[in-house]
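*Asks:* Before I ask anything, let me first share the structure, which is written out below as structure tokens.
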Amino acid sequence: MTENTKPSSLASVAAGNANRTPGKHAMGTGLEARSIHAWFGKNHVLADVSLDFAAGTVTALIGPSGCGKSTFIRTLNRMHEFIPTAAMAGEVLLDGRDIYASGVDVTKIRLKIGMVFQKPNPFPSMTIGENVLSGLKLAQLKRSNKEELMEECLVRAGLWNEVKDRLDAHGGSLSGGQQQRLCIARSLAVNPQVLLMDEPCSALDPGSTLRIEETIRELSETMTIIIVTHNMQQAARISDYTAFFLADGHPGMMIETGPTSEIFSNPKDERTENYVTGRFG
Amino acid sequence: MTLAEAKQINAPTPRVITTKPRTSDKIFRAVIFTGALSSLVILAAIAIFLGLRGFEILAREGLSFITGYEWYSSVNSDGTASEDPSVYGIGAMLIGTIVTALIAVSIGVPISIAAALYLNFYAPISIRGFLVGVIDLMAAFPSILFGLWGFNVLMPSGEYWAKLLHKYLGWIPLFDVSTPFFSRSPFIAGLVLAIMIIPIVTSIAREVFSQTPLDRIQAAYALGATKWSMIRAVVLPFGYSGVVGGAMLGLGRAMGETVAVFTVLNIIFQANFQILLGAGGNVASLIILKFGEASAEEIKALMAAGLMLFLLTLLVNMLADLLVNRTVKQGR
Amino acid sequence: MIMSATTLNYPKPQKPWKPKQKDLIPTYIGILAVLVGTWALVEFTGFAGKLGAFASVIICTTIVSSFLAGRSRGRQAAKNAAVASIITALTLLAIFPVISILGTVLVRGTKGLYVGFFTTDMGLASVNDPLNVGGILHAIIGTFIMIVIATLISVPLGISTAIYLTEIRGPGSRLIRFLVQAMSGVPSIVAGLFIYSSIISGSGRGFNGLWGALALSILMLPTVARTAEEVLLLIAQDLREAGLALGATQWRTVAMVVVPAAKSGLITAMILGIARIAGETAPLLFTTGGGDVTNLNPTDGVMGSIPYAIWKALISGSAESNARAWASILVLLVLVMILFFSARRLGKARR
């Protein structure tokens, strides 16, 4: 990164991403959402969203609050259906196969498509070490090298150095940023192809946020990441592609998508431009 | 300015603000306070009066009031006296109280926990409200209804199950019987008590489970857990102490229950650990049984017995409330 | 470019996670297997009677559902299915007694009812007399009088306690809240025994309805206080601040703003308290004497009540007295259910 005497504009920050190649070691062929609609009862909250997430890329979903970004991301790992009045239409293809097809085992899907939530939520009844491995325990997956796996996940989450001497401490004894990295490590333990992140840094301080953003960059070498964020600077810093959502009294829709550098420097739609230049939202 | 300079400035001390309440408010507070003290007064009065009246017997018998097994009043209700001295010991009945209450809890609590889990996590939304209402309605049923129903309806089936238990598991001393008399046993009393405490314990367990933080539940699902794995990993650890508190409240209720037990238990004055055998008693039914024809002295003994029951249930309930409040507040 | 919804062909809302018909074929086969298995178990082993059939259904369902789930989705799913069927079975066990009780009361109770049941008392009849002689008029009146007195005592005290805990929040609040909870666990027999030991025993005073009402108040007070406290806590703080900001004293704010706002909830608290004591028997056994004749004076002479009348009939043990007990309990249950549903209706109306 070059030193600037002027504050970086979003475009120039995003430009730094333009030449980033997708992770070479990413598993699978990516995730594709086709014509996704979502309802809560009669309330049509998301309309006709189609997005393609290539393997090994980081995609940011931006837009003002209430435009359906969180609902959309929850249709990607079939958490949307937990709400009793929820309904949807469309397809979500993982490696070419629809995860909503009949006969699909939902719990297996969630092992392949993981999720990190806005508020860090480690399991308080478990130690740090047990938290990392809790995904294995819940799904009863057998691994012969649990210790190594735990260390590897904590290293990838950027937490190993801070907790390696206190793996037996309580899950809740860490700071907010550390807890969130613990949750990331926990999701990594079951080896997902795709990691969904729903505003993972919005409850954290700027220092922790930057640490996690570094982690995200590193993780994208081996998996596909989709991150919902309110913070446009964050989107500019870490993502390869950006999708802009908007609900203007209508059901939420995906207005524009493209490489991050283009969205921020040269958006095609007027509404996108208004949003990224701060005229509203 | 620098930090050192800032420290040197003398910040003014905060002002002391006082309010003089108006007279009408003073009267209001006094009246309300007196009303609120009623609980303290009543509880203390119960302990004092029962203790005063029963004191003579307690002093005389000492610890053997609790541990002694004999209950014999030398003075009969018609005033005649017999040669043998009176002896008052509620030990056998105390054991009966604890045995029937434990049977009730061991049958009722697992069912209650299952029902609470079902209502919170398995029941279809359309029938959830209805089922909750049914269970709450059961909590409102008077205990004499359980006594009547238990005696007329449950007992025949209860005897049949007792015989089955004896047939297949009779080699366990608990299920053995010295004489094949299965009617009106602690087992049946425990069964009736279990049915009585299910609504209470289910209600508390339901409240506790519903306080489980939603984001933790979602985190477990997002990791690919099945419903049962999620319950084991998140809900049960969270609600553990609250459910234990609920179980203790059920225990307290079962210990103090009078009428329902009286109708379905064959009251014989002996400690009975063979729960399928129709003999036993508990402190509450002892009091009812003896009260009608008791002499003045025996009444004092009954007061003392009542005091013991009061203290026992008080202890159990206080512990229970402590545990339940700890969990319910945790969730918020 | 904004398109209007009518020009677009949006699909209808669907729930693709709901099982489709062809997914359910294993389930139908499973149900068949359960029926066959149950029949087999009942026929060929010692499982007999209602309990046997129920247990067989549960065992078969657990095994079959667990097997089906395990076959398609592995061990965790098998465990999950087995647990689900066990939990459902236990819940049915929890619900069954209510149905049995309601059914039995309805069937057996209606046999003993006749018009005179509500208009005569037991002054000239014994519990063993045929069912068309004597009734529970005295009991109904007695219960009514004692409920009224108990309400007059415990509702003011209970609401005062609640107001102290929520509005004044003075010293000792924690202790008082704790004591109220402890008091709700006092066994009903102890309440009766206490009144007996403090007022009746050794004083030459006889049994009467007032002492019974006092014993009932001890049981009613904690219910009223706890429900009232919950209800007052629900009143938003802004309401109180609005009253104080207008210059009202605290007592005026409470009396004219908070309590009227909580009115329906406080009535619910009262109804729940009444429901709690309407069926209590044990306290009355030590305090009221269980009269057989209609007595309108609570301070003079023994007084009957519905629970005591049931008790007398129950203890007597003959077929007629048993039938009488069922009829009386039908009346009591109807009363309790009216109270219960009124409280629920009021509770829902609040929201």
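*Asks:* Does any residue of the stretch B:264-283 turn out to be without any contact (Cβ under 8 Å) to a residue 60 or more places away in the chain and more than 10 Å from chain C (Cβ to nearest Cβ)? Before the answer, list the steps.
*Replies:* Going through the stretch B:264-283, the residues without any contact (Cβ under 8 Å) to a residue 60 or more places away in the chain turn out to be B:267-268.
Adding the requirement that they be more than 10 Å from chain C (Cβ to nearest Cβ) leaves B:267-268.
Yes.
*Asks:* Here is a follow-up. Only residues that are more than 8 Å from chain B (Cβ to nearest Cβ) and either free of Cβ contacts under 8 Å to residues at least 60 places away in the same chain or not in a helix (DSSP H, G or I) (or both): list them for the stretch C:152-171, please.
*Replies:* C:L152, C:R169, C:P171
*Asks:* Okay, moving on. When the stretch A:129-147 is examined, which residues are found to be part of a helix (DSSP H, G or I), within 14 Å of chain B (Cβ to nearest Cβ) and either more than 24 Å from B:V235 (Cβ to Cβ) or of a type outside the set (A, V, I, L, M, F, W, C) (or both)? Let's see the steps before the verdict.
*Replies:* Taking the stretch A:129-147 and keeping what is part of a helix (DSSP H, G or I), we get A:129-139, A:146-147.
Okay, now just the ones that are also within 14 Å of chain B (Cβ to nearest Cβ), so A:130-139.
The answer is A:E130, A:N131, A:S134, A:G135, A:K137.
*Asks:* Restricting attention to the stretch A:228-271, which residues are over 21 Å from the mean Cα position of the chain (by Cα) and crowded, with 22+ Cβ neighbours inside 10 Å?
*Replies:* If the condition is that a residue be over 21 Å from the mean Cα position of the chain (by Cα) and crowded, with 22+ Cβ neighbours inside 10 Å, then no residue fits.
Table: residues versus (1) in the same structural domain as C:A213 (by TED's automatic domain parsing); (2) surrounded by 18 or more Cβ atoms within 10 Å (Cβ to Cβ); (3) under 29 Å from C:A191 (Cα atoms).
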position: C:G243; (1), (2), (3): yes, yes, no
position: C:P260; (1), (2), (3): yes, no, no
position: C:A269; (1), (2), (3): yes, yes, yes
position: C:A282; (1), (2), (3): yes, yes, yes
position: C:G290; (1), (2), (3): yes, yes, yes
position: C:N297; (1), (2), (3): yes, no, yes
position: C:K312; (1), (2), (3): yes, yes, yes
position: C:L333; (1), (2), (3): yes, yes, yes
position: C:M337; (1), (2), (3): yes, no, yes
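*Asks:* Among the listed residues C:A48, C:A89, which satisfies the condition of being small (G, A, S) and modelled with pLDDT of 85 or more? Let's see the steps before the verdict.
*Replies:* On the way: C:A48 fails: modelled with pLDDT of 85 or more.
So the residue among C:A48, C:A89 that is small (G, A, S) and modelled with pLDDT of 85 or more is C:A89.
*Asks:* Based on what the data block shows, is B:L174 surrounded by fewer than 24 Cβ atoms within 10 Å (Cβ to Cβ), closer than 24 Å to B:V316 by Cβ and away from every other protein chain (no Cβ under 14 Å)? Step through it out loud before you land on a result.
*Replies:* Values: surrounded by fewer than 24 Cβ atoms within 10 Å (Cβ to Cβ): yes; closer than 24 Å to B:V316 by Cβ: yes; away from every other protein chain (no Cβ under 14 Å): yes.
Taking the combined requirement at face value, the residue satisfies it.
*Asks:* Answer with yes or no whether A:H44 is within 8 Å of chain C (Cβ to nearest Cβ) and in contact (Cβ under 8 Å) with a residue 24 or more places away in the chain.
*Replies:* Values: within 8 Å of chain C (Cβ to nearest Cβ): yes; in contact (Cβ under 8 Å) with a residue 24 or more places away in the chain: yes.
Spelling it out, A:H44 is indeed within 8 Å of chain C (Cβ to nearest Cβ) and in contact (Cβ under 8 Å) with a residue 24 or more places away in the chain.
*Asks:* Take the residues of the stretch B:94-108 that are within 11 Å of chain C (Cβ to nearest Cβ) and of a type outside the set (G, A, S): which is farthest from B:L131 (Cα to Cα)? Outline the logic, then answer.
*Replies:* Restricting attention to the stretch B:94-108, the residues satisfying the condition of being within 11 Å of chain C (Cβ to nearest Cβ) are B:97, B:107-108.
Then drop every residue that is not of a type outside the set (G, A, S), which leaves B:97, B:107.
Working: B:T97: 31, B:I107: 20 Å.
Filtering the stretch B:94-108 for residues that are within 11 Å of chain C (Cβ to nearest Cβ) and of a type outside the set (G, A, S), the one farthest from B:L131 (Cα to Cα) comes out as B:T97.
*Asks:* Also: Restrict the check to the stretch C:90-106 and report whether at least one residue is facing chain B (nearest Cβ under 8 Å) and within 17 Å of C:I306 (Cα to Cα). First the steps, then the outcome.
*Replies:* If we filter the stretch C:90-106 for residues that are facing chain B (nearest Cβ under 8 Å), which is where we start, we get C:90-91, C:93-95, C:97-98, C:100-101, C:104-105.
From what's left, within 17 Å of C:I306 (Cα to Cα): C:105.
Within the stretch C:90-106, one or more residues are facing chain B (nearest Cβ under 8 Å) and within 17 Å of C:I306 (Cα to Cα).
*Asks:* Which of the numbered conditions does B:Y240 fail, given that it passes all the others? Conditions: (1) more than 23 Å from B:I113 (Cα to Cα); (2) part of a helix (DSSP H, G or I); (3) modelled with pLDDT under 90.
*Replies:* Among (1) more than 23 Å from B:I113 (Cα to Cα); (2) part of a helix (DSSP H, G or I); (3) modelled with pLDDT under 90, the lone unmet condition for B:Y240 is (1).
*Asks:* Tell me, please, whether a residue that is among the acidic types (D, E), at pLDDT 85 or above and either farther than 30 Å from C:L244 by Cα or outside any helix (DSSP H, G or I) (or both) can be found in the stretch C:268-280. Break it down stepwise before answering.
*Replies:* Step one: list which residues in the stretch C:268-280 are among the acidic types (D, E), which gives C:280.
Restricting the remaining residues to those that are at pLDDT 85 or above gives C:280.
Going one step further and asking which of them are either farther than 30 Å from C:L244 by Cα or outside any helix (DSSP H, G or I) (or both), we end up with C:280.
Yes, because at least one residue in the stretch C:268-280 is among the acidic types (D, E), at pLDDT 85 or above and either farther than 30 Å from C:L244 by Cα or outside any helix (DSSP H, G or I) (or both).
*Asks:* When you check C:A255 against the structure, is it at the interface with chain B (Cβ under 9 Å from one of its Cβ atoms), surrounded by fewer than 24 Cβ atoms within 10 Å (Cβ to Cβ) and small (G, A, S), yes or no?
*Replies:* Numbers: at the interface with chain B (Cβ under 9 Å from one of its Cβ atoms): yes; surrounded by fewer than 24 Cβ atoms within 10 Å (Cβ to Cβ): yes; small (G, A, S): yes.
Taking the combined requirement at face value, the residue satisfies it.
*Asks:* Still on this model: Which residue, of A:M115, A:M150, A:M126, is over 20 Å from the mean Cα position of the chain (by Cα) and at the interface with chain B (Cβ under 9 Å from one of its Cβ atoms)?
*Replies:* Values: A:M115 fails: over 20 Å from the mean Cα position of the chain (by Cα); A:M150 fails: at the interface with chain B (Cβ under 9 Å from one of its Cβ atoms).
The unique qualifying residue is A:M126.
*Asks:* Is the stretch B:242-253 home to any residue that is surrounded by fewer than 22 Cβ atoms within 10 Å (Cβ to Cβ) and in contact (Cβ under 8 Å) with a residue 40 or more places away in the chain? Write out each step before concluding.
*Replies:* To start, the set of residues in the stretch B:242-253 that are surrounded by fewer than 22 Cβ atoms within 10 Å (Cβ to Cβ) comprises B:244.
Add one more test, that the residue is in contact (Cβ under 8 Å) with a residue 40 or more places away in the chain, and what stays is B:244.
Scanning the stretch B:242-253 turns up at least one residue that is surrounded by fewer than 22 Cβ atoms within 10 Å (Cβ to Cβ) and in contact (Cβ under 8 Å) with a residue 40 or more places away in the chain.
*Asks:* To continue, here is another question. Here's a check for you: in the stretch C:309-326, which residue that is part of a helix (DSSP H, G or I) and not hydrophobic (A, V, I, L, M, F, W, C) is nearest to the other protein chains (Cβ to nearest Cβ)? Let's see the steps before the verdict.
*Replies:* Step one: list which residues in the stretch C:309-326 are part of a helix (DSSP H, G or I), which gives C:309-316, C:319-326.
Narrowing the set further to residues that are not hydrophobic (A, V, I, L, M, F, W, C) leaves C:312, C:316, C:320-322, C:324.
On the way: C:K312: 11, C:S316: 12, C:E320: 14, C:S321: 11, C:N322: 7, C:R324: 11 Å.
Per the criteria, the residue is C:N322.
*Asks:* Under the condition of being among the small types (G, A, S) and within 11 Å of chain B (Cβ to nearest Cβ), which residue from the stretch C:339-351 is surrounded by the fewest Cβ atoms within 10 Å (Cβ to Cβ)?
*Replies:* First, the residues of the stretch C:339-351 that are among the small types (G, A, S): C:342-343, C:347, C:349.
From what's left, within 11 Å of chain B (Cβ to nearest Cβ): C:343, C:347.
Values: C:A343: 22, C:G347: 16.
The extreme case among them is C:G347.
*Asks:* Just checking, how many residues over the stretch A:161-188 are basic (K, R), under 27 Å from A:T222 (Cα atoms) and surrounded by fewer than 17 Cβ atoms within 10 Å (Cβ to Cβ)? It would help to see each step written out before you state the result.
*Replies:* Step one: of the stretch A:161-188, the residues basic (K, R) are A:164, A:166, A:181, A:186.
Filter once more, keeping what is under 27 Å from A:T222 (Cα atoms): A:164, A:181, A:186.
Among the residues that remain, those that are also surrounded by fewer than 17 Cβ atoms within 10 Å (Cβ to Cβ) are: A:164.
Going through the stretch A:161-188 one residue at a time, the tally reaches 1.
*Asks:* Another question about this same structure. Within the stretch C:175-192, is even one residue within 13 Å of another protein chain (Cβ to nearest Cβ), over 22 Å from the mean Cα position of the chain (by Cα) and farther than 28 Å from B:G54 by Cα? First the steps, then the outcome.
*Replies:* The first filter runs over the stretch C:175-192 and keeps only residues within 13 Å of another protein chain (Cβ to nearest Cβ), leaving C:175-192.
With over 22 Å from the mean Cα position of the chain (by Cα) added as a condition, the list becomes C:175-179.
From the residues that got through so far, the ones that are farther than 28 Å from B:G54 by Cα too are C:177.
Yes, because at least one residue in the stretch C:175-192 is within 13 Å of another protein chain (Cβ to nearest Cβ), over 22 Å from the mean Cα position of the chain (by Cα) and farther than 28 Å from B:G54 by Cα.
*Asks:* Strands (runs of 3 or more DSSP E) wholly in the stretch A:150-252 with at least 1 residues that are under 25 Å from A:Q140 (Cα atoms) - which ones? Explain how you work it out, then say what you get.
*Replies:* Details: elements: A:194-198, A:224-228, A:241-246.
It comes to A:194-198, A:224-228.
*Asks:* Looking only at the stretch A:80-101, filter to residues that are more than 11 Å from chain C (Cβ to nearest Cβ) and among the charged types (D, E, K, R); which one of those is farthest from C:K15 (Cα to Cα)?
*Replies:* A:D95
*Asks:* Restricting attention to the stretch A:75-124, and to residues there that are among the charged types (D, E, K, R) and in contact (Cβ under 8 Å) with a residue 12 or more places away in the chain, which single residue is surrounded by the most Cβ atoms within 10 Å (Cβ to Cβ)?
*Replies:* Within the stretch A:75-124, the first condition is being among the charged types (D, E, K, R), and the residues that meet it are A:78, A:81, A:91, A:95, A:97-98, A:105, A:108, A:110, A:112, A:119.
Subsequent filtering for residues that are in contact (Cβ under 8 Å) with a residue 12 or more places away in the chain retains A:78, A:91, A:95, A:110, A:112, A:119.
On the way: A:R78: 22, A:E91: 17, A:D95: 14, A:R110: 24, A:K112: 19, A:K119: 17.
Once the filter is applied, the top-ranked residue is A:R110.
*Asks:* Something else now. Does C:A55 count as crowded, with 16+ Cβ neighbours inside 10 Å, more than 10 Å from every other protein chain (Cβ to nearest Cβ), among the hydrophobic types (A, V, I, L, M, F, W, C) and under 29 Å from B:L191 (Cβ atoms)?
*Replies:* Values: crowded, with 16+ Cβ neighbours inside 10 Å: yes; more than 10 Å from every other protein chain (Cβ to nearest Cβ): yes; among the hydrophobic types (A, V, I, L, M, F, W, C): yes; under 29 Å from B:L191 (Cβ atoms): yes.
When the stated conditions are applied, C:A55 passes them.
*Asks:* Considering only the stretch C:193-206, state which residues are within 12 Å of chain B (Cβ to nearest Cβ) and either touching a strand residue (DSSP E or B) at 6+ places or on another chain (Cβ under 9 Å) or part of a loop (DSSP other than H, G, I, E, B) (or both). Even if it seems obvious, please write down each step before you answer.
*Replies:* Residues of the stretch C:193-206 that are within 12 Å of chain B (Cβ to nearest Cβ), as a first pass: C:193-203.
Answer for the stretch C:193-206, where residues must be within 12 Å of chain B (Cβ to nearest Cβ) and either touching a strand residue (DSSP E or B) at 6+ places or on another chain (Cβ under 9 Å) or part of a loop (DSSP other than H, G, I, E, B) (or both): C:S201, C:G202, C:S203.
*Asks:* Say whether the condition of being among the basic types (K, R), under 22 Å from C:I141 (Cβ atoms) and in a helix (DSSP H, G or I) is met by at least one residue in the stretch C:221-234.
*Replies:* Here is the first cut: in the stretch C:221-234, the ones among the basic types (K, R) are C:226.
This time we only want the ones that are under 22 Å from C:I141 (Cβ atoms), so: none.
Checked the stretch C:221-234: no residue is among the basic types (K, R), under 22 Å from C:I141 (Cβ atoms) and in a helix (DSSP H, G or I).
*Asks:* With (1) within 11 Å of chain B (Cβ to nearest Cβ); (2) under 27 Å from B:E257 (Cβ atoms); (3) touching a Ser or Thr at 6+ places or on another chain (Cβ under 6 Å) as the list, and C:T249 as the residue in question, which single condition is left unmet?
*Replies:* Every condition holds for C:T249 apart from (2).
Residue-wise test of (1) within 12 Å of chain C (Cβ to nearest Cβ); (2) within 15 Å of B:I275 (Cα to Cα); (3) part of a helix (DSSP H, G or I).
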{"position": "B:H166", "(1), (2), (3)": "no, yes, yes"}
{"position": "B:T179", "(1), (2), (3)": "no, yes, no"}
{"position": "B:F182", "(1), (2), (3)": "no, yes, no"}
{"position": "B:G190", "(1), (2), (3)": "no, yes, yes"}
{"position": "B:Q218", "(1), (2), (3)": "no, no, yes"}
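*Asks:* Give the residue, chosen from B:G239, B:G306, B:G224, that is within 17 Å of the chain's Cα centre (by Cα) and either surrounded by 24 or more Cβ atoms within 10 Å (Cβ to Cβ) or more than 8 Å from every other protein chain (Cβ to nearest Cβ) (or both).
*Replies:* Numbers: B:G239 fails: within 17 Å of the chain's Cα centre (by Cα); B:G224 fails: within 17 Å of the chain's Cα centre (by Cα).
Exactly one residue qualifies, and that residue is B:G306.
The values are calculated or read from the model by the stated rules, or taken from the named source; none is laboratory data. As the structure is a prediction and not an experimental result, all values here were calculated from the model. Backbone-built Cβ (ideal geometry, glycine too); neighbour counts: all protein chains shown.
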